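Worksheet: one structure, shown below.
The values are calculated or read from the model by the stated rules, or taken from the named source; none is laboratory data. All figures in this text were calculated on a predicted structure; none of them were measured in a lab. Cβ placement follows ideal geometry from the backbone for every residue including glycine, while neighbour counts extend to all protein chains displayed.
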Amino acid sequence: MLLVAYDFSDDKLRAKFAKFLSRYGRRLQYSVFEVRHSERVLQNILAEVELKYKKKFTGADSILIIPVTPADRKKVIRYGAAANEEGEVLVFT
């Protein structure tokens, strides 16, 4: 898993980046996404940042990409709605 956190001063650029990330993962917080990790996905994200976003950065803009190992993922403590996201879903018909 990857955690991708970002902050752009430009609203339009921030919205565009969020839409891009939504193709790879789900939003956890307003500017934080959880992305299923694979080398291909990571390379796609890095390439997109380099080609489209990096050149538009101001001094206040940032992107953090944080890899989370499977062992660390098991240590995550979730409360509220987040607690239900990792559980198994049962469907009765």
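Could you grab me the full set of residues in region 40-63 that are exposed (fewer than 10 other Cβ atoms within 10 Å of the Cβ) and either charged (D, E, K, R) or within 12 Å of residue 14 (Cα to Cα) (or both)?
40, 55
Hey, among the residues in region 1-31 that are within 20 Å of residue 56 (Cβ to Cβ) and part of a strand (DSSP E or B), which one's farthest from the chain's Cα centre (by Cα)?
7
Considering region 70-88 alone, what residues qualify as being farther than 15 Å from residue 29 by Cα, modelled with pLDDT of 80 or more and either in contact with a strand residue (DSSP E or B) (Cβ under 7 Å, 6 or more places away or on another chain) or not charged (D, E, K, R) (or both)? Show your work before the answer.
Kept after step one, since they are farther than 15 Å from residue 29 by Cα, are these residues of region 70-88: 70-77, 84, 86-88.
Then drop every residue that is not modelled with pLDDT of 80 or more, which leaves 70-77.
Passing the criteria: 70, 71, 76, 77.
Of the residues 34, 50, which single one is assigned to a helix (DSSP H, G or I), acidic (Asp, Glu) and either more than 13 Å from the chain's Cα centre (by Cα) or closer than 21 Å to residue 76 by Cβ (or both)?
50
Output the residues belonging to region 27-44 that are among the β-branched types (Val, Ile, Thr) and at pLDDT below 95. Steps first, answer last, please.
Going through region 27-44, the residues among the β-branched types (Val, Ile, Thr) turn out to be 32, 35, 41.
35, 41 - these are the residues of region 27-44 that are among the β-branched types (Val, Ile, Thr) and at pLDDT below 95.
Mind listing whichever residues of region 53-88 are of a type in the set (A, V, I, L, M) and either within 19 Å of residue 18 (Cα to Cα) or outside any loop (DSSP other than H, G, I, E, B) (or both)? Walk me through how you get there before you give the answer.
Let us first name the residues in region 53-88 that are of a type in the set (A, V, I, L, M), namely 60, 63-66, 68, 71, 76-77, 81-83.
Residues satisfying the conditions are 60, 63, 64, 65, 66, 71, 81, 82, 83.
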